[in-house]
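Take a look at the structure below.
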Amino acid sequence: MMQGNQRLNVRPLRALGTEPFWAARIEGRCITYSHPENQEGTRIWTRFTPETNGGNWSGALGGQRFKLRTRAEPGCTDGMSDRTYPMAVELVVHGEQRKGCAEPL
């Protein structure tokens, strides 16, 4: 929950996406990124930047850019269920851009 000497005021989030399936658990500046081939997940230490109505986490995974951005979007849907979420997510991982939704843990 720390970034340098500053305590982050970021509530934990759960993000997910489909096609392809992926998930992320966000706790401070640490993101645990998982997918069907890695269900345990990989912890990624990122740099957090707050944004209006959301946030931006950037780091690296396997030597490639990893970026996750959230923004308020009530009614976000994963496209596979009737469930809605309060936030939308954009994820860049392994050179691919993915979309999804997020909610507080």
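Bear in mind that the values in this text are calculations on the coordinates, not laboratory data. Since this is a predicted model, take the numbers as computed values, not measurements. FYI the Cβ positions are ideal-geometry reconstructions off the backbone, even for glycines, and counts take in every protein chain you see.
Taking the chain, the Cys residues with no second Cys beta-carbon under 4.7 angstrom are CYS30. Among GLY62, GLY54, GLY41, the largest mean-square fluctuation in a Gaussian network model of the chain, built with springs joining Cα atoms closer than 10 Å, belongs to GLY62. For the chain, the alpha carbon convex hull comes to 96 Å³ per residue, rounded to a whole number. Taking amide H as placed 1.01 Å from N in the peptide plane, ARG29 has its amide H under 5 Å from the amide H of MET2, each at least 5 places away in sequence or on another chain.
Each of PHE66, GLY4, LEU105 was placed along the dipole of the chain (beta-carbon charges, centred on the mean Cα), and the one lying farthest toward the positive end is GLY4.
May I ask you to list the residues of region 6-38 whose amide nitrogen lies under 20 Å from a point 7 Å from Cα along the Cα→beta-carbon direction of THR84? Once the point is set 7 Å along Cα→Cβ of THR84, 14-18 turn out to lie under 20 Å by backbone N, inside region 6-38.
Taking label positions 7 Å along the Cα-Cβ direction at both ALA23 and MET1, the computed distance is 2.3 nm, reported to one decimal.
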